[in-house]
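The values are calculated or read from the model by the stated rules, or taken from the named source; none is laboratory data. All values derive from a computational prediction rather than experimental measurement. Every residue, glycine as well, gets a Cβ built from its backbone with ideal geometry; the counts of neighbours run over all protein chains shown. Just so you know, the surface numbers come from the protein's heavy atoms only, side chains and all, with ligands and any DNA or RNA stripped out. Shrake-Rupley method; radii C 1.70, N 1.55, O 1.52, S 1.80 Å.
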Amino acid sequence: MFMWSNKVNIKIVIWGTIIGGFISSLVKWGSEVNMPPRVAGEVSPPAANIDAWFGWLGINSHSLDYFYQGSLVGGAVTLYHWLFSFVFAFVYVFLSAYLPKIRMFYGALYGVLITIFAHGIMIPLLGFRYPSYNEGKVGWLWNLNGYELVSEILGHIYWAVSIEICLIAVLASFARPIRGSWADR
């Protein structure tokens, strides 16, 4: 069992989460610039989530929008993606202590699993994806067009591999093995 009394284990989880969450959020957003996952004009699932879950508080997907060099930046959606990157970086680093196999293919396996979990199950199950190109059908993975599917899968693989690279750097800085089990038990 993971020993929370071991201060180095705790530091690895904290630093792996902070660095992995920060870097991976930039990587995921950067991948969507080159391969946008949705057709122009569609509402993103994070924007739909924010509007549905926080609308009653007067918060919507445009509440934190700002201009940077004349370009409109969706602040609430950006923050949403950042928070999820930190949460999933924590899950990855924490799981890697118990299940080193989650790190297979430098984290790419984790990226595929997150794509299946988030975009294949949770987003359509909660009703936040109805692709405009698919006549109102729920956005289950098999109902997405090839462009969206490739964008999401590759984006999540890049994102997860960047968390793994950050974890390797953190493990190396604490002189822990970068392969297999790293946690002192």
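Tabulated values for the structure
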read-out: Ranked order, LEU95, LEU79 - accessible area, probe 1.4 Å, largest first; value: LEU79, LEU95
read-out: Net charge dipole size for the chain [Lys, Arg +1 and Asp, Glu -1 on Cβ; Debye, nearest 20]; value: 780
read-out: Per residue accessible area in Å² of the chain, where ligands, DNA and RNA are left out and the probe is 1.4 Å; value: 55
read-out: The chain: equivalent-ellipsoid semi-axes (sqrt of 5 x gyration tensor eigenvalues, Cα, Å); value: 32, 19, 15
read-out: Carbon + sulfur, % of accessible area of the chain - ligands and nucleic acids excluded, 1.4 Å; value: 72
read-out: Rel. contact order, % - alpha carbon contacts under 8 angstrom, at least six apart, the chain; value: 35
read-out: Where GluC sites (Glu not before Pro) fall in DSSP loop in the stretch 78-185, at most 13 other Cβ within 10 Å; value: GLU135
read-out: Hull-based mean projected area of the stretch 49-154, where the convex hull spans the alpha carbons, in square nanometres; value: 9.0
read-out: Partner aspartates and glutamates for LYS101 [C-alpha distance under 18 Å; skip if fewer than 8 residues away on the same chain]; value: GLU164, ASP184
